[in-house]
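Data first, discussion second: the structure below is written as structure tokens.
Values in this text are rule-based calculations from the coordinates and carry no lab data. What you are looking at is a predicted structure, and each value in this text was computed from that prediction instead of being measured. So basically every Cβ, Gly included, is an ideal-geometry build from the backbone, and we count neighbours across all protein chains shown.
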Amino acid sequence: MSAIVVIGTQWGDEGKGKIVDNLAENADVIVRYQGGNNAGHTVIVNGQEFKLHLLPSGILYKGKTCVVGNGVVIDPAVMLKEINDMKAKGIDPSGLKISNRAHVIMPFHRLLDEVEEVARGENKIGTTKRGIGPCYMDKNARIGIRMVDLMDEEEFSAKLEWLLEAKNHLLKAVYGVDGFDFETVKKEYLGYAEELRPYVTDTLVVLNDAIKSGKKVLFEGAQATMLDLDHGTYPFVTSSNPVAGGVCVGAGIGPTKINKTVGVVKAYTTRVGEGPFPTELLDKTGELIRERGREYGTTTGRPRRCGWLDASVIRYAGMVSGLDYLAVTRLDILDGLETLKICVGYKYKGETIAGFPASLKVLAQVEPVYEEMPGWTEATSSIRTYAELPLNARRYVERLSEVSGVALGIVSVGPERDQTINLVDLY
Ligand code: GDP
Ligand code: IMO
Ligand code: MG
């Protein structure tokens with residue numbers, strides 16, 4: 001039995017798709033357990049780029065089972081488009097299994113995501129406007145619509161009628177915008193239901209059976225530790241639990257079934273959307289990293305905020321998810337930088353602080369404690385063994401491992417499948 005969890009350690013876009021794709025080659029089942037199409041996971045195979053929002057990155061391999069678990073929120077139109085796009089690219093999606101317990105994103109969730117952001121004014125979160133937060137709100141309020149409801153016309157009609165009336169009233173009375181027509185939404189969604197029906201099942205059984213029979217299972221986190229609803233920089237977070245603990249709830253397996261947890265770390269830091277970011281670079285170096293790394297959002301195209309590597313964030317992520325290994329990505333983007341800075345802790349009002357502050361007021365005022373490290377001039381993108389990496393590049397990732405207290409497992413030097421240095425056999 002082997003179950004590996006891959007999570008983001010920072011604010012997302014660390015390269016989880018690339019690492020999951022690398023590990024998926026030897027896995028039997030690949031599982032998404034939270035989030036929705038706010039995620040944008042890029043995988044590059046022989047120069048061909050795939051941007052996955054809802055489908056697990058394992059879909060690109062033949063013969064794998066790909067599970068979208070109960071903890072995911074599903075926009076059916078996006079799911080179908082992704083399935084059809086894959087088919088058009090010659091990829092067979094027949095191994096896809098969608099949880100009948102997953103919640104469904106409705107048109108009013110997307111509209112509410114927009115108008116709520118406007119209403120927040122200066123305090124906006126900078127969401128992806130995909131309806132993620134409002135859908136999870138309804139799930140928690142126990143009024144949401146699940147895939148199992150969508151599959152049952154009678155059940156779906158009854159739930160939709162009641163919910164739509166409430167949401168239309170909210171949209172008009174509070175936000176002054178028009179809502180949606182019941183018959184139109186019903187017809188649209190029942191159409192999606194028919195197309196998705198072959199994939200919808202009790203994925204909890206699929207997964208537990210796979211684990212029992214010794215299959216290799218890979219859990220693909222979306223978003224990241226710092227965007228986690230409980231452990232991230234609240235309220236500038238997403239509405240789900242990307243941390244390793246989220247796997248049990250979002251996929252329906254027990255914690256005893258997880259063997260290893262891997263945290264993906266970008267060799268520097270980026271963040272899309274609002275919220276504090278202690279090591280942010282608002283200068284030429286930040287711009288240089290953005291341009292060299294083409295740091296623009298996969299989902300929304302927004303420029304990503306860039307900054308130095310914050311090892312205190314990784315130490316925190318290591319603790320929250322019990323990380324066994326780090327997978328460091330995009331080391332190649334730092335090639336040629338004369339000096340690098342790595343944040344090893346924070347000072348607040350002149351005093352070193354322990355742990356990661358819960359208060360955003362404190363986090364916004366902390367002073368990063370930096371260590372300066374010399375960079376390297378060599379290009380790393382064609383290197384395939386750890387020993388061949390420039391000495392200063394090794395020193396840099398080793399210092400990260402030391403400060404965070406998590407061992408190195410993978411170093412990635414490019415977006416392609418083979419641009420990966422595996423230091424350990426994770427299976
Ligand atoms: P995710 O959301 O965590 O899956 O990450 P994204 O796909 O949003 O962003 C990561 C970007 O970095 C993608 O464009 C990947 O193709 C790319 N990428 C991943 N690993 C590497 C790497 O080691 N080097 C370079 N240059 N690009 C990488
Ligand atoms: P992947 O899986 C980076 C951010 C948004 C916003 C906040 C809340 O590709 O790493 P939401 O729409 O979830 O309510 O937005 O979370 N965010 C991401 N940032 N990568 C992601 O996914 C993200 N998913 C959400 O920018 O700040
Ligand atoms: Mg992404």
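Structural remarks
- Annotation: for a label point projected 7 angstrom from Cα along Cα→Cβ of V424, residues of the stretch 1-27 with backbone N closer than 16 Å are 2-7, 23.
- Here's the list of lysines a cross-link from K216 could span, going by alpha-carbon distance under 30 Å and ignoring same-chain residues fewer than 8 apart: K16, K18, K51, K62, K64, K81, K87, K89, K97, K257, K260, K266.
- Cα centroid of the stretch 93-109 to Cα centroid of the stretch 261-333, whole Å: 29 Å
- Here the convex hull built on the C-alpha positions of the chain has a volume of 135 cubic angstrom per residue.
- Rounded, prolate or oblate (a/c below 1.5 giving rounded, otherwise prolate when a/b exceeds b/c) for the stretch 264-422 by Cα gyration tensor: prolate
- Projected label distance in nm at E287 and L163, using a 7 Å step from Cα toward the beta-carbon: 4.7 nm
- Among the trypsin sites (Lys or Arg not before Pro) within the stretch 139-168, those in coil by DSSP and having at most 13 neighbouring Cβ atoms inside 10 Å are R142.
- Residues whose placed amide H lies under 5 Å from that of A407, excluding near-sequence neighbours: L326
- Note that the stretch 166-181 has calculated 3J(HN,Hα) couplings of 5, 6, 4, 5, 4, 4, 6, 5, 8, 10, x, 10, 6, x, 10, 8 Hz, one per residue in order, obtained from phi through the Karplus relation 6.51 cos²θ - 1.76 cosθ + 1.60 (θ = phi - 60°); glycine and proline are x.
- Ranked by the mean number of other Cβ atoms within 10 Å of their residues, highest first, the peptides 42-53, 345-356, 329-340 come out as 329-340, 42-53, 345-356.
- Calculated mean residue ellipticity at 222 nm for the chain: -10000 deg cm²/dmol, from DSSP H runs with n ≥ 4 weighted as -39500 (n - 2.57), summed, divided by the residue count and rounded to 500.
- Axis of helix 107-120 versus longest Cα principal axis of the chain: the two differ by about 50°, to the nearest ten degrees.
- Summarising the strand pairing of the chain, around 40 percent of its internal DSSP beta bridges are antiparallel.
- Working note: Karplus 6.51/-1.76/1.60 with θ = phi - 60° gives the stretch 85-97 the couplings 4, 5, 4, 5, 8, x, 9, 8, x, 5, x, 7, 10 Hz, where Gly and Pro are set to x.
- Sequence-distant aspartates and glutamates (8 or more away, or on other chains) whose Cα lies within less than 20 Å of K212: D28, D202, E220
- The alpha-carbon atoms of the stretch 103-196 define a convex hull whose volume equals 90 cubic angstrom per residue.
- Of all aspartates and glutamates in the structure, the ones whose alpha carbon falls short of 15 Å from that of K347, not counting any fewer than 8 places away in one chain, are D310, E367, E371.
- Rounded to whole Hz, the Karplus (6.51, -1.76, 1.60) HN-Hα couplings of the stretch 293-300, x for glycine and proline: x, 6, 8, 10, x, 5, 8, 10
- Amide hydrogen proximity for I74: with H placed 1.01 Å from N in the peptide plane, the residues at 5 or more positions away or on another chain lying under 5 Å are H103, V104, I105.
- Length available on full extension from K172 to D92: 0.36 nm per residue minus the Cα-Cα distance, which gives 24.5 nm.
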